[in-house]
Every structure is written in structure tokens, then in C-alpha cells.
Amino acid sequence: MGKTLFDKIWDSHVVVKKAGHPDAVYINTHFIHEVTSPQAFDGLRKRGIPVFRPGKTKATADHNVPTLHQDQPIKEALSRHQVEMLTKNTSEFGVDLYGLGHRYQGIVHVIGPELGITLPGMTIVCGDSHTSTHGAFGAVAFGIGTSEVEQVLATQCILQYKPKRMKIEINGQLGKGVLSKDIILYIISKISASGATGYFVEYAGDAIRNLSMEARMTICNMSIEMGARGGLIAPDETTFAYLKGREFAPKGTDWDNALAYWQTLYSDADADFDSVLSFDAADIEPQITYGTNPGMGIGITGHIPALEEIEEKERPSFRKSLDYMHLQPGKPLLGQKVDYVFIGSCTNSRIEDLRLVADFVKGKQKASDVVVWIVPGSKQVEAQAKAEGIDKIFADAGFQLREPGCSACLAMNEDKVPADMYCISTSNRNFEGRQGPNARTFLASPLTAAAAAITGKVTDIRSFMQ
Amino acid sequence: MSKIFKHLVSSAVPVPIENIDTDQIIPARFLKATTREGFGQNLFRDWRYEADNTPKSDFVMNNPLYKGRILVAGKNFGCGSSREHAAWAIADAGFKVVVSSFFADIFRNNALNNFILPIQVTDEFLDKIFKAIEANPAATFEVDLEDQFIHIIGTGLKANFDINQYKKTCLLNGYDDIDYLLSLRTNIEQYETTRPYNF
């Protein structure tokens, strides 16, 4: 019996396997940020132990940072304190920090890949559920809690039970105006926000193979939104071409050796998955969510489910969700007024996302009553956008290009959507209050968000493509 | 935080909502502390308080009839963000047990790492718990970790639950994962010598 890609990577990282115990899994790369790490460093201090392998942890500040005037001190005292604690902790324990002001600073799941820190075959963890993003490179990457951050700092290992394996295949040709964000929103809408809980997902099929690395990252990023422990895609020529020459990627003979290993990283033809799902790319239209979990999504031309389409015992939660959103069952979303547009987050803030949006909005103007925030994922993305003149296109359209950070994805920093406002967002979560107390979120692709920015309403991007 | 869990008899606080995500348990704007304490006051913050901090009378934690050390919630509890602050908030608010018919993976780990016992029961048994509390808000429940059961005392109904043996031992004895991992140091160093590259 062959092995799955996930099994190959996981099994080769098990340091100790003991009956009745979770596996002690060695971690190649550990990313940390300011929110979920301070208590872990405190734990080390209480135990009087150092970081075991400080070179294998990389830090950045992203959740709490403002996305305007980053050259000035953070205004909000608690946010400032948390970011300062990260500086203090990384300095004291000898961990590299790409903090505010550093040319590599950015969202942790954007900078790891773009710097070539994230590589195929690695085990990668971070105190952040969207660590699954790094799986796009054929790495086993997953989010962890702060106690687990402390485990990794202390021992470079983590105790985990091995998840089950799921394969999700998407074959066929994507329709025009359909992006990888639509693929993953579609999958989650089909299998629900808990449909992959307990599983590690491998995405496969020609529709996945044809995607760029940026697009693959968007898919793997949202694996957690269907409950999966993580998601990964076998590395291929697209992966290797993306990595070659990146700052921390192997060079020379190291590259050749690494490449030889990476080329063994695929699921064997006779590998056994615990669950296999298949979808046809041609069935996917641009997607949008209407509710308060990422599984509550529909095709852009669809309608919100009518009450009778929802199982009776799920109706109270469904009603609660629509009450929060101020939306009616059975109604379409096309034409729904939008107040804010947020293009950013670890899901969709890479240069390719910004290029797509810029290509579409060039020569167009945003609707007068819509606020549009474009938040690049990193200083490098920001610099690249400026080098390509994308910043001018946004400025001409009335879009605001801000500085890198998690921004309005999670309402932890200054960027919050006001109460009762509708925001179409390229981020990953539409939970109640996620973008600000009583803010209402529609998740969508960068193109669908950009279309809404121009019209001020939920719009089918394909109507611009006749 | 008590590091040992063996047995508990308590009434329960019901939150019969499905897919309760960790942003509801503790919104991101309250994650700025650098210690593990004090999160309990913001547990379910936006369901519990108006924007001006007045308690919302229709939320169960603001109803004096409902109290206890067991939180009972709808299926897929703890989905979303990996923030351990969710587990800290639940512990800080005095809960030792969370009962649901389904838990998100990361939350389950975070709960166990904070000596909170997540008990997964069937949808039917969860419904019976909610009904027992509906009939009598002071209904009491017995939870026993050694024998792995939860008992609705008033009705005599009992359900067994699963927990992995390692975590059970940790909870019964107050051991944590880092103690165990630190004991593997020689194995870890040995493992490192077997890996040719940084993968």
C-alpha cells in the first residue's frame, strides 16, 4: 500500500511514537506573532529554560499593527505593549524578528512563503489557525494554541494525534471570473464549516494543478474554515519555480538536493485516504457568503436558502445568523448594498491579488458611498505594487492602499468596520463581530470585492466581462 | 488554574447555539493581554453585553437562574481561530467542563491543555441535557473522568465519553505536555542528526 503525501511528511517527522500517547512531531519551522506568543515566552521564563532551537522560529508583528503611519508609535496602548513584548521576547530568546519598520514585515502567512522560509516537505506550525496556508507548498502546516507554541519553543516538537486523511479533487475548467477563492468557498459551502474536522486535506486534480502558488495559498488558507487540521497540495514545477532564488530558499547544491527530495513528495497512486470528495470546476460560479460562518455561502446569482431548505433543528442557528446580517431567507444577494470593501488578509493580499484587482479597476471609479481598503500582505508586496504602478491605479479609482497587516480581517487593530455596515471582504471569516462589533461581512474573491467597490452593490463580476 | 480534574457535580449553563466560533467566545479586540488571566470577564462578550457594557438580559450568563461549572453548547463548538484565549476565558469564568456534540480540533487541544474537560456526546444526549436544564435550571450533572461518564442526575440518564488515555492521565494527575516533551530531549537531539536538510 502506498502512502499519501501527508503520511510521508508526518511519518518522517515523528520523533517518538508511544502507544496511548500522541506522536511527538518534530517541527522544521515555527512562525510566531505578537498575539499568541507572550504567554508562551512567559512559560519558558517560569521553567527557566531557553528556546531550544531559536533559528527555527521566525517572528513578525501583524495582528495588532496599524495600517497607516506605521513609522509612528502605535497609538493604542495595549496593542503597542503587545508588539513591544514581541520585540523584547525575541531579543531575549534570540529569535529573528521582522517587526514594524523591517522590509520583510507583513502577515505571517504572506512573508513565510515569499521569503522562501516555507518549503516543501516541512512541518510548520504557528499560533494561528491560518497556518494551513503554507500547505500550498506541500508542507504539513497547521495552527496551534499558545501552550503548543510553548512546547515548540521548548523542544522544537509538538504532541499531536495524527489526523485522518481526506482528498478533495477538483477537475475541469474554471469559468471566467472564477478564482481560487471561489473554489474554496464553494467546497466549504458544500461540506459545511465542520465538514473536514479531524482531517488533513490534500487538494488535487487538474483545476488545482493549473493554479499559481498565490491561488493555491488562498485555498489551503481556508482549510480551517471547514474544520480541517490543515490542507496541502503536492509540490510541482509551479512550486519549484516560485521558490527558486527566494531569500531563504536553498541555493546551489543544497537546492539540487532539496529538489531531489521534493520531487518524491506526492501521494502514491495506491495511497489510501479516509475520505475522498470530488468536484467539477465547471460547476463553480463566483461565490459569496450570506451568513455568519464560512459554510454559509452561495453562488453569486443564487439565493439565500429559504427556511424550508434548512433542516429543522438547524433553523434557530440559521435564523440567528440572518437576523445578525439583516437579511431575509430565500432572497438573492445580487444588488445588496455594500458600505465597505476590504481587500487584504492572509487569504488574499498577495501581489497576484492586487494585480488582478488593479487590472479590473484600471480606468474605473469606486462608487461614491463605498469605503475601499486595500491592505497588502507584506512590505514586499507593498513595494512591488508601487514598483508596478498599481498604487496609482488604486488612487485613481478612489481605493486606499494602506500598509501591511491583518487589518480589518479581525478587528483587533484600528481597522474596524462600523456597526450595522456591510463589508464585502476577501478575508476568511464572516463570524459575528469579526470585522468589528455588529459589522456584517460578505466573504468573496478579490474580483467580486472589486466589482462591488465599483458598483456599491453585490455584483456578478462576469457582468463586466461581456 | 487547577491542574487536576477527576470528578465534578454541578449545575450547567446552556448555550444551545451551533458553530460557536472562538470570536464569539472571546472577540479579537480582547486578545491584547500578555498574561493568561482576566479573560473570563469578556467571555461571550458581544452576546453578554451591549456596546455600552450593560448586560444583555436575554443572555444566559446574565440570568441568575443559570450557573455552574459546566458549559453546554451546540455542535461544532470552538471553531475558527486557534486563540487559546478562548480556553483561558472559559476557565477564568469558572468552567471546568464543556459539553457539546462536536468540537473543533484546535479548541479541543487548547481546552485539554488548560485542564478543561471537553465532553463530546451524541446529538440526542446533548438534546436531553438541554431539556433537563430547560425543565429545571438548577438540574445537576455528575462528570467522572476515571470512569468516563456524564450523568444527568435528575433523570438518571448517563452517557460515556471518549478521551485519549494520555490526556486522561494528564488531567487526573496534573501533568502537562511540556514535562513529557522535555523528557524526550535525547530522542529529539538524536532525531535531528538523522535529517539531512531542514525538512
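Each value in this text was obtained by applying a stated rule to the coordinates, not by laboratory testing. This is a predicted model, so every value here is computed, not measured. Please note: Cβ atoms are built from the backbone with ideal geometry, for glycine as well, and neighbour counts cover all protein chains shown.
Rounded to whole numbers, the Karplus 3J(HN,Hα) couplings from phi for segment B:18-30 are 8, 6, 6, 8, 6, 6, 7, 5, 8, x, 4, 5, 9 Hz, using 6.51 cos²θ - 1.76 cosθ + 1.60 with θ = phi - 60°, and x at Gly and Pro.
Relative contact order of chain A, taken over Cα pairs closer than 8 Å and 6 or more residues apart, is 18 percent. A simple charge model with +1 on the Cβ of Lys and Arg, -1 on the Cβ of Asp and Glu and nothing else charged puts the dipole of segment A:289-460 at about 160 debye relative to its Cα centre. Its relative contact order, with pairs defined as Cα atoms under 8 Å and 6+ residues apart, puts segment A:289-460 at 29 percent. Annotation: amide H of A:SER425 within the under-5 Å range of A:PHE342, A:PHE442, A:LEU443, A:ALA444, sequence separation 5 or more or interchain, hydrogens built in the peptide plane.
Starting from the Cα gyration tensor of the protein assembly as shown, take the square roots of the eigenvalues, sort them a ≥ b ≥ c, and report rounded, prolate or oblate (rounded when a/c is under 1.5, otherwise prolate if a/b is larger than b/c, else oblate).
Working: a/c = 1.43, a/b = 1.11, b/c = 1.29.
Taking the square roots of the gyration eigenvalues as a ≥ b ≥ c, the protein assembly as shown is rounded.
Determine the shape class of chain B: with a ≥ b ≥ c the square roots of the Cα gyration tensor eigenvalues, call it rounded for a/c under 1.5, and otherwise prolate if a/b is greater than b/c, oblate otherwise. Note, shape of chain B comes out oblate.
Farthest towards the positive end of the charge dipole of the protein assembly as shown, among the residues A:LEU68, B:ILE20, A:PHE248, is the Cα of A:LEU68, using unit charges on the Cβ of Lys, Arg, Asp and Glu.
Dipole size in debye (nearest 20) for segment A:1-58 around its Cα centre, Lys and Arg Cβ +1, Asp and Glu Cβ -1?
Working: 10 positive and 5 negative charges, 42 e Å.
The dipole of segment A:1-58 has a size of about 200 debye.
For the listed residue pairs B:LYS56/B:LYS128; A:LYS75/A:LYS416; A:LYS46/A:LYS88; A:LYS8/B:LYS168; B:LYS75/B:LYS131, the alpha carbons are over 18 angstrom apart in B:LYS56/B:LYS128; A:LYS8/B:LYS168. Taking every residue in A:427-436 and counting other chain Cβ atoms within 10 Å of its Cβ, the average works out to 5. Exposed loop sites here mean GluC sites (Glu not before Pro) with a DSSP loop assignment and at most 16 other beta-carbon atoms within 10 Å; chain B contains its longest site-free run at B:51-145. Counting beta carbons within 10 Å around each of A:THR264, B:THR169, A:THR448 and listing the fewest first gives the order A:THR264, B:THR169, A:THR448.
Give me the dipole magnitude in Debye, nearest 20, for chain A about the Cα centre, with unit charges on the beta carbon: positive for Lys and Arg, negative for Asp and Glu.
On the way: 48 positive and 54 negative charges, 119 e Å.
Taking the Cα centre of chain A as origin, the dipole is about 580 debye.
The HN-Hα couplings worked out from phi for segment A:100-116 by the Karplus form 6.51 cos²θ - 1.76 cosθ + 1.60 (θ = phi - 60°) are 3, x, 7, 5, 9, 4, x, 5, 3, 7, 9, 6, x, x, 5, 8, x Hz, whole numbers, x standing for Gly and Pro.
Mind listing which trypsin sites (Lys or Arg not before Pro) in segment A:107-184 are in a DSSP loop and have 14 or fewer other Cβ atoms within 10 Å? All intermediate terms of the calculation are to be shown ahead of the outcome.
On the way: sites: A:LYS164, A:ARG165, A:LYS167, A:LYS176, A:LYS181; in loops: A:LYS176.
Qualifying residues, ordered by number: A:LYS176.
Rounded to the nearest 500, the helix-only mean residue ellipticity at 222 nm of chain A stands at -9000 deg cm²/dmol, with each DSSP H run of n ≥ 4 adding -39,500 (n - 2.57).
Counting other beta carbons within 10 Å of each Cβ, put A:THR118, A:THR4 in order, fewest first. Write down the numbers at each step before the final one.
Values: A:THR118 30, A:THR4 23.
So the ranking, lowest neighbour count to highest, is A:THR4, A:THR118.
Bin all alpha-carbon pair distances of segment A:64-155 at 10 Å intervals from 0 and give each bin's fraction as a whole percent. Percent of Cα pairs in each bin: 15, 41, 37, 8, 0. Per residue of chain B, the DSSP helices (runs of n ≥ 4 H) give a summed -39500 (n - 2.57) that works out to -8000 deg cm²/dmol at 222 nm.
Projecting the Cα positions of A:THR131, A:VAL14, A:LEU153 onto the charge dipole of the protein assembly as shown (unit charges on Cβ atoms of Lys, Arg, Asp and Glu, taken about the Cα centre) puts A:LEU153 furthest along the positive direction. Between the amide H of A:GLY230 and those of A:VAL201, distances stay under 5 Å, these residues lying 5 or more places away or on another chain, with hydrogens modeled in the peptide plane.
Taking square-rooted eigenvalues a ≥ b ≥ c of the alpha carbon gyration tensor, is segment A:296-340 rounded, prolate or oblate, where a/c under 1.5 means rounded and, failing that, a/b exceeding b/c means prolate? Cα axes put segment A:296-340 in the oblate bin.
Here, segment A:287-416 is characterised by an Rg to Rh ratio of 1.05, where Rg is the alpha-carbon radius of gyration and Rh the Kirkwood radius. Near the amide H of A:PHE279, within less than 5 Å, lie the amide hydrogens of A:GLU169, A:ILE170, A:ASN171, all on another chain or at least 5 residues away, with H placed in the peptide plane.
Pairs of alpha-carbon atoms within less than 8 angstrom and 6+ residues apart define the contacts here; what relative contact order does segment B:1-137 have, in percent? Please report the intermediate quantities before stating the final value.
Numbers: 259 pairs, mean separation 41.6, N = 137.
Computed value for segment B:1-137: 30 percent relative contact order.
Among the trypsin sites (Lys or Arg not before Pro) in segment A:1-104, those located in a DSSP loop and surrounded by at most 12 other Cβ atoms within 10 Å of their own Cβ are A:LYS17, A:LYS18, A:LYS75, A:ARG103.
Size descriptors for segment A:411-466, from the alpha-carbon set: Rg then Dmax equal 12.1, 40 Å. Converting phi to 3J(HN,Hα) with the Karplus coefficients 6.51, -1.76 and 1.60 and the offset θ = phi - 60°, segment B:69-74 yields 10, 10, 9, 10, 9, x Hz in sequence order, with x at every glycine or proline.
What FRET efficiency would be calculated for the residue pair B:ASP162, A:LYS75, taking the C-beta separation as r and a Förster radius of 51 Å, to the nearest 0.05? Write out the running numbers ahead of the final one.
Values: r = 48 Å, r/R0 = 0.95.
Working from the Cβ atoms, E equals 0.60.
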